[in-house]
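**Q** Here it is, the structure in full.
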Amino acid sequence: FTGVDDDPQTVETLTDLGFENPSLVIERVREWHRGKTPATRTTRGRELLTAFLPDLLVAMGKTGEADEAFGRFGRFFEGLRSGVQTLAMLVAEKKLTDDLVTTLAIAPRIANILAKRPGLLEVLISGVDRKPPPKFDVGTDFEATLDSVRRWQGERAFVIGHNLLHGLLDARDAAAHWSDLADTCIRRMAAAAEAETIRKFGPAPGTWNVIGMGKLGGHEMTAGSDLDLVIIYDPDDSGDAQTWFTRFTQRLISALSVETGEGELYDVDMRLRPSGMSGPVATSIAAIERYNHENAWTWEHMAMPRLRPIFGDAALGARVNAVAERMLNAGDIDQRRTDILDMRQRLLREKPASGIWDLKMRRGGLLDLEFITQHAILTAEAHQPLSPSLTEAHRHLVETGVWTEAFHQSVAYAFVFLQALQQVQRMANDDVTTANELSNALKNRLCRATGCQDYAALSAQLERVCDMDEQEFCEKNGDVPTEY
């Protein structure tokens, strides 16, 4: 790699490894050896690259898409501010090299994360991912808490994603890991936000609870999921509760979403609160009760089954649960049927699926499974308990006689199958929605996540499941016109 012209034997070797453009690889490595990237500007860096390169190229060949793997590694490698420590670690740990190359080949999401935080590789060999989350003490600096939680969350998220992609974590179990991670971060950040608000504005004039909705509420998060949050408070007579809890909520949102030197945690979505984006960021329990009884629309009723108190006053959380359950079981059933079908038609028209691998929005996809479940809950004559998890809700629908066991088994299988696919897909790359965008390595991971023998079998099974879901949607909700 150090000469002016391409060495014929090197070209032959790279071709045998599966590289389609050996000259491009040779030229880029030659640039690295010349110190034109921060990682190789020192003699030690270039020595480590020389020692590491053969294993690296062999590992790329094993992926089946050597050029793509090399391109992603190049972006990662050239983004290192100082690569000596990272290169030394890769030279010392051959398995880490294989893991890194395979991960980069499958998952642009992780490639982007590692380019910003290469030190995360050390997590895979140090066991640091097993350390407990940072404790929060009242006297801890607010900014320091933000950074410490971000460091811990970044390490945990990296390991969950790595294990998911490498088959060390069953795709069916990934949602619980992502959701538990989010819950822990919310608890730490809420405690820090409360302490900071008390420090600046005095004690809280009442109690509060952080409520999870959507995938967070249902304990079904994926990589990159937003946090759907609603902050509920119950005021006392000690002060201006609306102002205090607005300040607390603003601090909590910042704590969870602002980017610091240690990165970012989550995007926060608060559109599911009463009055939507135009209303106050914190809502009193009295306002919730009044709004849900008098003004809530069917789409807001549909969000209620996914509600889950996460952190705060337990008694207030129980009251919020009771409000949501009453809301589920009170309403005009015929109007709800009409509204649910209208909403699905509108979504198909305004947010059509972008490809067969748009697992949420495609006909018969995860959104239709949610509509089937929510329709059943909101139109049931038998009382339905609050069940944030779709799996729990499905069982309750059988127990209360709304669904037959056969129908339940069909829906439950479809949900597990599609969720497993979405877990791997979201971890690899959010933007992949068509078959030709899937790399061979990602196809193999998707097959493993669902137990399919090969990609042809997986494609056929995906179509069967979605066709079945669409038929079941029409059976329960009514037919959606094909022009949408």
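The values are calculated or read from the model by the stated rules, or taken from the named source; none is laboratory data. All values derive from a computational prediction rather than experimental measurement. Cβ atoms come from the backbone with ideal geometry, glycine included; neighbour counts cover every protein chain shown. SASA here: full protein model, heavy atoms, side chains in, ligands and nucleic acids out. Shrake-Rupley method; radii C 1.70, N 1.55, O 1.52, S 1.80 Å.
**Q** Which members of region 1-33 meet the condition of being loosely packed, with under 15 Cβ neighbours inside 10 Å and over 41 Å from the mean Cα position of the chain (by Cα)?
**A** Within region 1-33, Thr2, Gly3, Val4, Asp5, Asp7, Pro8, Gln9, Glu12 qualify.
**Q** Is there any pair with a first residue in region 314-334 that is more than 13 Å from Ala380 (Cα to Cα) and without any contact (Cβ under 8 Å) to a residue 40 or more places away in the chain and a second that is open to solvent by less than 50 Å² (accessible area, probe 1.4 Å) and in a helix (DSSP H, G or I) whose Cβ atoms are under 7 Å apart and which are 6 or more apart or on different chains, and what are they?
**A** Val323/Ile288; Val323/Asn292
**Q** Mind checking whether some residue in region 210-223 is under 25 Å from Gln423 (Cα atoms), more than 12 Å from the chain's Cα centre (by Cα), part of a loop (DSSP other than H, G, I, E, B) and touching a residue at least 40 places away in the same chain (Cβ under 8 Å)?
**A** Among the residues of region 210-223, at least one is under 25 Å from Gln423 (Cα atoms), more than 12 Å from the chain's Cα centre (by Cα), part of a loop (DSSP other than H, G, I, E, B) and touching a residue at least 40 places away in the same chain (Cβ under 8 Å), which makes the answer yes.
**Q** I'd like the full set of residues that are of a type outside the set (Lys, Arg) and within 14 Å of the chain's Cα centre (by Cα), limited to region 146-164.
**A** Hits for region 146-164 are Gln153, Gly154, Ala157, Phe158, Val159, Ile160, Gly161, His162, Leu164.
**Q** Moving on to the next point. Would you confirm, using the coordinates I've provided, whether Trp178 is at pLDDT 95 or above and open to solvent by 10 Å² or more (accessible area, probe 1.4 Å)?
**A** Yes; evaluated as a whole, the condition is true for this residue.
**Q** Same structure again: Condition check: in contact with an Asp or Glu (Cβ under 8 Å, 6 or more places away or on another chain) and either part of a helix (DSSP H, G or I) or open to solvent by 20 Å² or more (accessible area, probe 1.4 Å) (or both). Does Pro385 satisfy that?
**A** Values: in contact with an Asp or Glu (Cβ under 8 Å, 6 or more places away or on another chain): yes; either part of a helix (DSSP H, G or I) or open to solvent by 20 Å² or more (accessible area, probe 1.4 Å) (or both): yes.
So Pro385 fits the description; yes.
**Q** Residue check: is Ala412 assigned to a helix (DSSP H, G or I), closer than 20 Å to Thr450 by Cβ, small (Gly, Ala, Ser) and open to solvent by 10 Å² or more (accessible area, probe 1.4 Å)? Give the steps one after another, and end with the answer.
**A** Numbers: assigned to a helix (DSSP H, G or I): yes; closer than 20 Å to Thr450 by Cβ: yes; small (Gly, Ala, Ser): yes; open to solvent by 10 Å² or more (accessible area, probe 1.4 Å): yes.
For Ala412, the condition - assigned to a helix (DSSP H, G or I), closer than 20 Å to Thr450 by Cβ, small (Gly, Ala, Ser) and open to solvent by 10 Å² or more (accessible area, probe 1.4 Å) - is met.
**Q** How about region 69-93: which of its residues are among the small types (Gly, Ala, Ser), at pLDDT below 85 and crowded, with 18+ Cβ neighbours inside 10 Å? Give the derivation first.
**A** Residues of region 69-93 that are among the small types (Gly, Ala, Ser), as a first pass: 69, 71, 74, 79, 82-83, 88, 92.
Narrowing further to those that are at pLDDT below 85: 79, 82-83.
Once the filter is applied, which keeps residues that are among the small types (Gly, Ala, Ser), at pLDDT below 85 and crowded, with 18+ Cβ neighbours inside 10 Å, region 69-93 yields only Gly83.
**Q** In this structure, is Gln423 crowded, with 19+ Cβ neighbours inside 10 Å and touching a Ser or Thr at 6+ places or on another chain (Cβ under 9 Å)?
**A** Numbers: crowded, with 19+ Cβ neighbours inside 10 Å: yes; touching a Ser or Thr at 6+ places or on another chain (Cβ under 9 Å): yes.
So Gln423 passes the test.
**Q** Next question. Select, from Leu124, Leu96, Leu114, the only residue that is of a type in the set (A, V, I, L, M) and open to solvent by 30 Å² or more (accessible area, probe 1.4 Å).
**A** Values: Leu96 fails: open to solvent by 30 Å² or more (accessible area, probe 1.4 Å); Leu114 fails: open to solvent by 30 Å² or more (accessible area, probe 1.4 Å).
Step by step, each of Leu124, Leu96, Leu114 is checked, and only Leu124 is of a type in the set (A, V, I, L, M) and open to solvent by 30 Å² or more (accessible area, probe 1.4 Å).
**Q** Still on this structure, I have one more. Quick check on my filter: what residues within region 368-413 are polar (S, T, N, Q) and either in contact (Cβ under 8 Å) with a residue 40 or more places away in the chain or closer than 16 Å to Arg306 by Cα (or both)? Can you show your working first?
**A** First, pick out the residues of region 368-413 that are polar (S, T, N, Q): 373-374, 379, 384, 387, 389, 391, 400, 404, 409-410.
Listed by number, the residues that qualify are Thr373, Gln374, Thr379, Gln384, Ser387, Ser389, Thr391, Ser410.
**Q** Residues Gln250, Gln242: which one is without any contact (Cβ under 8 Å) to a residue 40 or more places away in the chain, within 20 Å of Ala195 (Cα to Cα), out of contact with any Gly (no Cβ under 7 Å at 6 or more places or on another chain) and of a type outside the set (Val, Ile, Thr)? Write out each step before concluding.
**A** Numbers: Gln242 fails: without any contact (Cβ under 8 Å) to a residue 40 or more places away in the chain.
Matching residue, one of Gln250, Gln242: Gln250.
**Q** In region 256-274, is there at least one residue being at pLDDT below 85 and over 20 Å from the mean Cα position of the chain (by Cα)? Reasoning before the result, please.
**A** So the first thing to find is which residues in region 256-274 are at pLDDT below 85, and the list is 272-274.
Checking the rest, the ones that are also over 20 Å from the mean Cα position of the chain (by Cα) come to 273-274.
There is at least one residue in region 256-274 that is at pLDDT below 85 and over 20 Å from the mean Cα position of the chain (by Cα).
**Q** For Ala204, which of the numbered conditions (1) aliphatic (A, V, I, L, M); (2) without any contact (Cβ under 8 Å) to a residue 24 or more places away in the chain; (3) under 26 Å from Leu252 (Cβ atoms); (4) outside any helix (DSSP H, G or I) fails to hold?
**A** Failing condition for Ala204: (2).
**Q** Tally time: how many residues in region 426-454 are open to solvent by 20 Å² or more (accessible area, probe 1.4 Å), β-branched (Val, Ile, Thr) and not in a helix (DSSP H, G or I)?
**A** Selection size over region 426-454: 2.
**Q** Any idea which residue in region 455-476 is least open to solvent (accessible area, probe 1.4 Å), counting only those that are over 20 Å from Gln425 (Cα atoms) and hydrophobic (A, V, I, L, M, F, W, C)?
**A** Filtering region 455-476 for residues that are over 20 Å from Gln425 (Cα atoms) and hydrophobic (A, V, I, L, M, F, W, C), the one least open to solvent (accessible area, probe 1.4 Å) comes out as Phe473.
**Q** Can I ask one more? Within region 352-370, which residues are in a helix (DSSP H, G or I), touching a Lys or Arg at 6+ places or on another chain (Cβ under 8 Å) and open to solvent by 10 Å² or more (accessible area, probe 1.4 Å)? Walk me through how you get there before you give the answer.
**A** To start, the set of residues in region 352-370 that are in a helix (DSSP H, G or I) comprises 366-370.
Checking which are touching a Lys or Arg at 6+ places or on another chain (Cβ under 8 Å) leaves us with 366-368.
Across region 352-370, the qualifying residues are Leu366, Leu367.
**Q** Modelled with pLDDT of 90 or more, closer than 21 Å to Gln85 by Cβ and surrounded by 15 or more Cβ atoms within 10 Å (Cβ to Cβ), is that true of Gly45? Break it down into steps so the answer makes sense when it comes.
**A** Working: modelled with pLDDT of 90 or more: yes; closer than 21 Å to Gln85 by Cβ: yes; surrounded by 15 or more Cβ atoms within 10 Å (Cβ to Cβ): yes.
So Gly45 passes the test.
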